[in-house]
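Okay, so here's the structure we're looking at.
The values are calculated or read from the model by the stated rules, or taken from the named source; none is laboratory data. Predicted, not measured: the structure shown is a model, and the values here were computed from it. Cβ placement follows ideal geometry from the backbone for every residue including glycine, while neighbour counts extend to all protein chains displayed. Heads up: the accessible areas ignore ligands, DNA and RNA and are worked out on the full protein's heavy atoms, side chains in. Shrake-Rupley method; radii C 1.70, N 1.55, O 1.52, S 1.80 Å.
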Amino acid sequence: MTKIQQKIWLLVILAVAVMGIIWLALTHVTEQNQQKSNEVLKRYMEINDVSQQTKALITSLNTQLVTPSAYHAQQTRAQLSKVRDLEQELETLRNDDNGFRITSYRHLLESVTDTSERVLRLVNEQELEEATMEFNEATRIANYISEMTMTLLSEEMATYNGFYGALIETSEQLNKLALFVLALITVVLLAATYGFSYSITKPVDELTRAANDLAEGHFDRPVKVESKDELAFLASTFEHMRVNINEYIDELTQKAHLEQELQKNKLLLKESQLKSLQNQMNPHFLFNTLNTLSKKAYLDGAEETSDLLVDVAGLLRYNLKNRDQAVPLEEEVAVIAQYMAIQQARFADRLTYTTSIDADLSVPIPSFTLQPLVENAVIHGIEPVENGGTVKLNIKTVPQGLQIQIMDDGQGINAEQLQRIQAPQSEAHIGFYNVQKRLELFYGQTNLLQITSSEGQGTVVTIHIPREERADDA
Amino acid sequence: MNKQLLIIFGLLIVFFSVLVGRAVYQVMDATPQLPKIAKDTNTLHIALITQELDTPFWDRVAQGAKQEAKKQGVAFEVTGAYAFDDSAFLDAMELAIHSKVDGILIQGLDNPRFKELAQVKAAYYGIPIITIANDVPVKDTLRKTYIGTDQVAAGQALGKHALQTLKKGDEVVVLMDEAKPYFERQRLKGLKRAFHRQGIEVIVRTTGHEQQQLVDSTQQLLNEHPTSDAFIMLNANYTNTVVQEISKRMRLSNFQLYTFDDGVDAEALLQSKKINALVTQQPEKMGQQGVKRLVDWLNGNEMPLKVAGYFTSFEIEEVGS
């Protein structure tokens, strides 16, 4: 059975039981009083019966006296024994008040039966004169009996006067009691009903409010219900649902946020691609042309030019191939080498490129991670300096993974510019930011790219490649 | 939950609980109890039968008897008739006899049916009869004994008292019932004994006890003996009427008035100085003695009873004494 059902049953059983008990009690009292008053009535009737039977005895005796017969004698004897029985029964009527009277009454009956018997005997013996005398005596005694019956009855009335008064009072008091009990039950039931309905409606109200909150989108307000029945279960289930939804929504929000970032980055990438496409008319044609040029230069004995063209071609191929996928670090390093070879051809002695690699280069990284940074170092760091400088690429294993450093000893970046680079406001200067975002997206971590610079001293860009992250994807 | 509502509910519940509790108590309290059925204890039943129920004198007799009956632990009842209704009185007596009471204390009535009842019926059932206050001759009734004032002595004492104021040659009217009951005859006997050879003329007149008869008798007496010096009412119940009739015609102080205390107004008349003296008896003592002797006799403690009777004392009460 459920708790609420239990409550309802309990309330109903309580009401029924209370009413039942009261009904039983009232019935009991009434019945008792009824019994008592019946008892009194029975006394009256018994007393009255004595008088009646005595009269019947006298009548019967008279018949026997006037017209003696065996039948009438028989009848009279039967009546006699009836009166004798009554006389015995009279003893049950005795109480403290009427002891004297009852004794007298019994003796009178004795007298009348004795006399009657004498009459019968005398009639039997044909002594009619004496029989008549005795009969007169019996009649007189019978009269005394009926007189005493009246006296006894009136005395009984007096004795039971108090009883009847009490009976009437009891019934009045019972009425009053019934009224009060009714009032009490009403109040108790009202109170119980109030408490009961409250115990149901309050959690329902709370649930309703919680549901409203949820409907209005307030998923952060806890559902609190103080109850121990099904509603509590409902509430806790509801609360559980709320928490789940809340978590789900949080997750969704986060994902949406991420998605947005991703979208943004894709746009950035697209932009850079567009930019590079704008820069290159037909890359494949150019690639092929560059290869042809390289062969021609080689055949012409310009080996240096030929090598340069091979580097340019390699750079171009890499560019075409690996736009938005992860590549092993060594490929990226190789591309940087080619790029630097081209730049060195351009800057001649002004640009020095050194590498210091002490790590496993099979680690995958997003393509074009290093190239924009090296390009920045060359173009913004070394190029403005008249004497040129050195660009260093250091890769080493650190406890967290790999540390890639791109250092130049160029003119450096001032603080204001540094700010702008890290959080670009416009389309310009997005190279650094682009790399940073792509790294974050790729590894799912932030702070992977750091830049330190001081004016005139050069710039150091540090990339942290986390260990084992995305290892499976590689 | 609404705190106010809770408090109201609580108060109402307490209030009605108290009312219900009180009502339950009242119902319990009011529940009628039947008198308990008693056992026949086989105690002696004694009846006191008088012709003058509810008169001061007999109430006092009954009171004395009742007290003694209670002391002795016997059942006791007063029955009889009101105002000398002989028939009702004798019916009561017969009823008592047929009811087989163990003993009867009775105001003696000088009447044939009384004698028959006492002599035949009571004797048939073996019920002892003791006369009280007013005696009847023992030979007619077979009464066991008499308890009360020695009426002869009382009459004599009253006569002697009257002599204190009477002189030789004075006329004394004695009023007695026309039935000449035994106790009045006794009193007269005493009176006559007192007035014997005192040179007092005693005129004895009988009267019926009906009011009109009494008035007539008194008027006749006053007509016939206007110069008489004293009136002695042997039956105390006549006193009031006689006093009224005399005072209608002449000054009460013309006469000396004497009577006994077993009448309705005797004491009051003495207090208001309308009569000169009366014989006061001891009714309580009579009742008490009657019950005591009867019970003693029934229990076999005192046997036989003195046939002459047991006399209780009396005294003469004068105006102002």
Kindly give Rg over Rh for the protein assembly as shown, based on alpha-carbon atoms, with the Kirkwood expression for the hydrodynamic radius. 1.72
Based on the Cβ-Cβ distance of A:E416 and A:E230, what FRET efficiency does E = 1/(1 + (r/R0)^6) give at R0 = 60 Å, to the nearest 0.05? 0.35
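Share of the range A:159-310's accessible area from carbon and sulfur, percent, 1.4 Å?
Numbers: 6380 of 10330 Å².
On the range A:159-310, the fraction of accessible area on carbon and sulfur atoms equals 62 percent.
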Going through the cross-link list B:K66/B:K144; A:K7/B:K3; A:K36/B:K66; A:K295/A:K437; B:K36/B:K70; A:K42/B:K71, which pairs have a Cα-Cα distance over 29 Å in this structure? A:K36/B:K66; A:K295/A:K437; A:K42/B:K71
Name the residues whose placed amide hydrogens come within less than 5 Å of the amide hydrogen of A:N95, ignoring near sequence neighbours (fewer than 5 apart) on the same chain. B:A38
A:R467's amide H: which non-local residues (gap 5+, or another chain) put their own amide H closer than 5 Å, with H modeled 1.01 Å from N in plane and none for Pro or chain starts? A:G401, A:L402
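Given contacts defined as C-alpha pairs under 8 Å and at least six residues apart, what's the relative contact order of the range A:128-235, whole-number percent?
Taking the mean separation of contacting Cα pairs over the length of the range A:128-235, I get 16 percent.
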Going toward the positive end of the dipole of the protein assembly as shown, with +1 on Lys and Arg Cβ and -1 on Asp and Glu Cβ, which of B:A30, A:S294, A:L361 do you reach last? B:A30
Using the heavy atoms of the protein chains alone and a 1.4 angstrom probe, what is the accessible area of the range A:348-474 per residue in square angstrom? 51
Work out Dmax and Rg for the range A:3-198 from the C-alpha atoms and quote the Rg first, both in angstrom. 28.8, 98
I'd like the orientation of helix A:431-443 relative to chain A: the angle between its Cα long axis and the longest Cα principal axis, in ° from 0 to 90, rounded to 10. 50
Interface residues of the range B:91-109, defined as losing at least 40 Å² of accessible area versus the chain alone with a 1.4 Å probe, are B:E94, B:L95, B:H98, B:S99, B:K100
So what is the relative contact order of chain A, in percent, for Cα pairs below 8 Å that sit 6 or more residues apart? 9
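For peptide B:18-28, compute the average count of partner chain beta-carbon atoms within 10 Å of each residue's beta-carbon.
Mean number of neighbouring Cβ atoms from other chains: 6.
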Where in chain B lies the longest segment free of GluC sites (Glu not before Pro) that are both loop residues by DSSP (not H, G, I, E, B) and have at most 15 other Cβ atoms within 10 Å? B:1-177
Just flag the trypsin sites (Lys or Arg not before Pro) in the range A:208-267 sitting in loop per DSSP whose Cβ has no more than 14 other Cβ atoms within 10 Å. A:K224, A:K228
List the residues whose amide H sits under 5 Å from the amide H of A:T352, counting only those 5 or more places along or on another chain, with H placed 1.01 Å from N in the peptide plane. A:G389, A:T390, A:V391
Degrees, to the nearest 10: A:283-299 long Cα axis against longest axis of chain A: 30
Pulled fully out, how much extra length does the chain show between A:Y194 and A:E127, if you take 0.36 nm times their separation in residues and subtract their Cα-Cα distance? 14.8 nm
Label model pair A:T92, A:T208: point-to-point distance (7 angstrom along the Cα→beta-carbon line) in nm is 6.9
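Give a quick list of trypsin sites (Lys or Arg not before Pro) in the range B:228-321 that DSSP marks as loop, anything other than H, G, I, E or B, with at most 14 other Cβ atoms within 10 Å. It would help to have the intermediate numbers written out before the result.
Numbers: sites: B:K248, B:R249, B:R251, B:K273, B:K274, B:K285, B:K292, B:R293, B:K306; in loops: B:R251, B:K273, B:K274, B:K306.
Of the trypsin sites (Lys or Arg not before Pro), the ones in loops of the range B:228-321 whose Cβ has at most 14 other Cβ atoms within 10 Å are B:R251, B:K273, B:K306.
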Can you list the equivalent-ellipsoid semi-axes of the range B:151-280, largest first and in whole Å, using the square root of 5 times each Cα gyration tensor eigenvalue? 19, 17, 15
Whole-Hz ³J(HN,Hα) from phi, Karplus 6.51 cos²θ - 1.76 cosθ + 1.60, for the range A:86-101, glycine and proline x: 4, 4, 5, 5, 4, 4, 6, 8, 5, 9, 5, 7, 10, x, 4, 5
For the pair A:E375 and A:L286, how long in nm is the line joining their label points, each one 7 Å along Cα→Cβ? 1.0
Compute the long axis of helix A:128-215 from its Cα atoms, compare it with the longest principal axis of the Cα atoms of chain A, and write down the angle in degrees, 0 to 90, nearest 10. 10
Checking an interface number: how much accessible area is buried between A and B, summed over both chains, with a 1.4 Å probe, in Å² rounded to 100? 3900
Quick calc, B:V14 & A:K7: beta-carbon distance into FRET formula, R0 25 Å, rounding 0.05, result 0.55
Based on the Cβ-Cβ distance from B:S253 to B:D85, what FRET efficiency comes out when R0 is 35 Å, to the nearest 0.05? 0.45
Under a 1.4 Å probe, what is the accessible area of the range B:87-174 per residue, stated in Å²? 31
P(r), alpha carbons of chain B - 20 Å bins starting at zero, rounded %: 29, 43, 15, 8, 4, 0
Label-point separation (nm) for A:E169 and B:V138, each offset 7 Å from Cα along Cα-to-Cβ? 5.5
Please list 3J(HN,Hα) in residue order for the range A:15-31, calculated via the Karplus relation 6.51 cos²θ - 1.76 cosθ + 1.60 where θ = phi - 60°; whole Hz, with x for glycine and proline. 4, 5, 4, 4, 5, x, 4, 5, 4, 4, 4, 4, 4, 4, 4, 4, 5
Would you compute, from DSSP H runs of 4+ residues alone, the mean residue ellipticity of chain A at 222 nm, taking -39500 (n - 2.57) per run and dividing by the full residue count, rounded to the nearest 500? -25000 deg cm²/dmol
